[in-house]
Amino acid sequence: MKTQQPIRFHNLDAITEWSTQHADEIYQVSRWGEGYFQVSDKGDLCVSPNRKTAGPMINMMEVVEEIKSKGIEFPAVIRFHDILRSQVAMLNKTFRETIEEARFNGSYCGVYPIKVNQMREVVEEIVDAGAPFNYGLEAGSKPELIAALAMNMNHNSLTVVNGYKDKDLLRLALLGIQLGRKVIVVVEKYSELTDLMKLSQEIGVEPMIGLRAKISTKSSGKWASSGGDYAKFGLTITEILQAVKYMKSIDKAHCLKLLHFHIGSQIPDIRTIKDSINEGARIYAKLWKEGAKLEFFDVGGGVGLNYDGTRSNSASSTNYTIKDYCADVVYILKQICDLEDVPHPNIVSESGRAITAHHSCMVTNVFGALEIGEASNFNTDKIINENILVTNMRDLSIELTEKNYQEVYNDATKLKEESISAFKLGILTLDERAKLETLYWQICKKIVGSASRDEYAPDEILHLKSQMAHQYLCNFSIFQSAPDTWAIGQILPVMPIHKLNEKPTELCTLVDITCDSDGKIDNFLSADGPTNTVPMHKLVKDEDYYIGLFMTGAYQDIMGDNHNCFGRLNEVHVFMDDDDPTDFYIEEVIMGNKASTVLSTLQYNPETLAQTVKYAIDTQVKRGKIRPREGVGLTDFYENCLKSYTYLKKEK
Ligand SMILES: *Cc1c(COP(=O)(O)O)cnc(C)c1O
């Protein structure tokens, strides 16, 4: 599914005098960071949770130190709850200001779609920060509505229910109405409407109803199929008209409250948004004239983020800001309502990604580097009677210059292929094959060096360079912490969180610790667009090197799975505190899964496992194969492993 990217490299050689300004550029911090993240003069990545440079500034390395001092292992999720609050306030204020400026008569009543991150602490923080704005919640399933009904106690905010519904889900929504809440059931499928009306009559509670329109505007990007005629959700125009007729016929047209559409997540292009508002506004106006006096106009989610820093209409970016978005929604809706001479409705939006993405990140340690042809000190000296293939490879390595590298590469590659055939035929010994391959990789390394200095290096050689990049082995699972980079090729910002005052010299790809060859990241941002490698510092023996994977608060945190039994991560919740010398405090620590927890979810019984292994050890002790003292130690060791974190443990 991943698209082939053109081969681009960070041109580190061009930077002679490194400054933290270069770090900002190479990792595009100011772009994707949106004012929340910046590089300090000392070279640490810092967070300003309310985007004010004069306000509190949290040094991520100080957070890491505190995490270490509490004995919490990495990888760890770090949540900055104040960023969530800032984003909620920013979205609501921007809509309010735009509405005022446009002299729009409706108000803004946004909802947070909890599927984007259902963590209780996240939802709680959003509800709390949104209270002054009557910001509500959106639920897309039974368990989500069960949570939303208990989380959103504000009678003035909306609870919007999307997704396919059974009778229990409809009944839960009506329960919300009985509790005095504004719960709007959005009909995705015609039969839900008749089911709902039947149920409402049975229990004598009038519902609040929304209609989801299948509008024809289609988005580009990775979620394009959420819109258009063949979308999974929503009513066709014919069905909508039929619904209005039906509601009028049973004298319940006043229950129709909201028009909804949602054309997909991470909409890259502002023109798509303009088109969808245009089409939606016309539908709203025409329905109003048909007698459906709707009060709310729900534009769904889809506000995208600038993950790759390019501010373009590429799939990992957007060519608009939240301000542009709000302006388009308000002004286009107003213009069409005025033209059609219908009242301005209240505006609802369901932005999830834009609210949550920035607040959380994953921090982990790099465990080591995997290098192709690493054993480069293998003795390749000439011996008498050596195989001619080895001699030829050695000659090639001597012939190699800055000028003839393409030619030498062709010959060396051919020779290496021949050597494999020779080995299979039994002509080449194991030692000779090792020598030949060592020489080959030494040649390739030199070629890559020459190509880096050559502006016109051929694609094939650039490809070699990208293939020979170091692989940094990072203590995490992409399937748990960044599923979208694996599943749909989404770019997420990745960078070291310290040493940013030193020039990174290694171009790397990142591999995780799962036994899956897909468990890697080889698609990164750069100032010129996507690239296969990320600049990292040379690893120093006995020194920790920490990297962060950013903008994981939307979907990534919550969709991850336990591939290879790597479970949920340790999590720390950081709050800002201007009066504290560090500007922060850790409010809560949620311990990640232990091996036993992950195994239990797969129907293993940890106690039985421990007993079985203990029995096997005891048997070996009886047979005299293991000494009794050692046996006790081994039993304890197995049990401790069961109780410990699923990720790699750092040796002290
Ligand atoms: C997923 C979803 C959203 C959230 O979309 P974002 O792109 O995260 O803002 C909103 N509404 C509906 C109906 C959804 O399915």
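The values are calculated or read from the model by the stated rules, or taken from the named source; none is laboratory data. This structure is a prediction, so every number in the text was calculated from the model and none was measured. Neighbour counts run over all protein chains shown; Cβ positions are idealised from the backbone, glycine included. Surface accessibility is based on the protein's heavy atoms, side chains included, excluding ligands, DNA and RNA. Shrake-Rupley method; radii C 1.70, N 1.55, O 1.52, S 1.80 Å.
Per residue, the accessible area of region 105-351 comes to 38 Å² when a 1.4 Å probe rolls over the protein heavy atoms. Within the accessible surface of the chain, defined with a 1.4 Å probe on protein heavy atoms only, the carbon and sulfur portion equals 51 percent. In the context of the full set of protein chains, region 388-466 has a per residue accessible area of 56 Å² (1.4 Å probe). For region 168-271, rounded, prolate or oblate, judged on the Cα gyration tensor with a ≥ b ≥ c (square roots of eigenvalues), a/c < 1.5 rounded, else prolate if a/b > b/c? Prolate, since a/c reaches 1.5 and a/b exceeds b/c. Each Lys or Arg adds one and each Asp or Glu subtracts one; over the other residues with Cβ under 10 Å from the Cβ of Cys474, this totals 0. Which one of Gln467, Ile114, Ala147 is farthest out on the positive end of the charge dipole of the chain, using unit charges on Cβ (Lys, Arg +1; Asp, Glu -1) and the Cα centre as origin? Projecting each Cα onto the dipole axis, the largest value belongs to Ala147. Accessible area ranking (1.4 Å probe, heavy atoms, ligands and nucleic acids excluded), largest first, for Cys515, Cys508, Cys641: Cys515, Cys641, Cys508.
Once the Cα-Cα distance is subtracted from the 0.36 nm per residue extended length, the Ile372 to Gln178 segment shows a gain of 63.2 nm. Which whole-number value in Å² is the accessible area per residue of region 531-576, probe 1.4 Å? For region 531-576, the per-residue accessible area is 33 Å².
Toward the positive end of the charge dipole of the chain, with +1 on the Cβ of Lys and Arg and -1 on the Cβ of Asp and Glu, the farthest Cα among Leu549, Pro606, Val186 is that of Val186. Relative to the longest principal axis of the C-alpha atoms of the chain, give the angle of the C-alpha long axis of helix 388-399, reported between 0 and 90° and rounded to the nearest 10°. It is inclined by approximately 70 degrees. For Phe37, the residues whose modelled amide H falls within less than 5 Å of its own, excluding neighbours fewer than 5 places apart on the same chain, are Ser48. Taking amide H as placed 1.01 Å from N in the peptide plane, Asn134 has no amide H partner under 5 Å among residues 5 or more places away or on another chain.
Placing +1 on the Cβ of every Lys and Arg and -1 on the Cβ of every Asp and Glu, with no other charges, gives region 117-195 a dipole of roughly 280 debye about its Cα centre. Between amide H atoms placed 1.01 Å from N, distances below 5 Å from Gly304 occur with Ile267, all of them 5 or more places distant or on a separate chain.
Among Thr94, Thr601, the order of accessible area from largest down is Thr601, Thr94, computed with a 1.4 Å probe on protein heavy atoms.
The charge dipole of the chain, taken about its Cα centre with unit charges on the Cβ of Lys, Arg, Asp and Glu (plus for the first two, minus for the last two), comes to roughly 1820 debye. Helix 405-424 sits at what angle to the longest principal axis of the chain, using alpha carbons and giving 0 to 90 degrees rounded to 10? For helix 405-424, the angle is close to 80 degrees. Derived scalar couplings between HN and Hα for region 315-329 equal 4, 9, 8, 9, 9, 8, 10, 4, 5, 4, 4, 4, 4, 5, 4 Hz in order, rounded to whole Hz, by the Karplus curve 6.51 cos²θ - 1.76 cosθ + 1.60 (θ = phi - 60°), x for Gly and Pro.
If you take the Cα centroid of region 364-411 and the Cα centroid of region 521-558, the two points sit 30 Å apart.
Computed over the chain, the per-residue total of -39500 (n - 2.57) for DSSP H runs of n ≥ 4 gives a 222 nm mean residue ellipticity of -12500 deg cm²/dmol, rounded to 500. Under the shape rule built on the C-alpha gyration tensor, where the axes satisfy a ≥ b ≥ c, region 105-351 is oblate, since a/c reaches at least 1.5 while a/b does not exceed b/c.
Beta bridges from DSSP with both residues in the chain: antiparallel share about 50 percent, rounded to the nearest 5.
Working note: Karplus 6.51/-1.76/1.60 with θ = phi - 60° gives region 10-23 the couplings 5, 8, 5, 4, 6, 8, 8, 10, 6, 9, 5, 4, 5, 4 Hz, where Gly and Pro are set to x. Does the chain come out rounded, prolate or oblate by the C-alpha gyration tensor, with a ≥ b ≥ c the root eigenvalues, rounded set by a/c under 1.5 and, if not, prolate when a/b is larger than b/c and oblate if not? The shape class here is prolate.
How far, in degrees from 0 to 90, does helix 120-130 lean away from the longest principal axis of the Cα atoms of the chain, to the nearest 10? So the helix axis and the longest Cα principal axis differ by about 50 degrees. Suppose R0 equals 45 Å. What FRET efficiency, 1/(1 + (r/R0)^6) with r the Cβ-Cβ distance, do Leu199 and Tyr638 give to the nearest 0.05? Once the sixth-power term is evaluated, E becomes 0.25. Spatial offset of region 201-261 relative to region 73-141 amounts to 25 Å, using the alpha carbon center of each.
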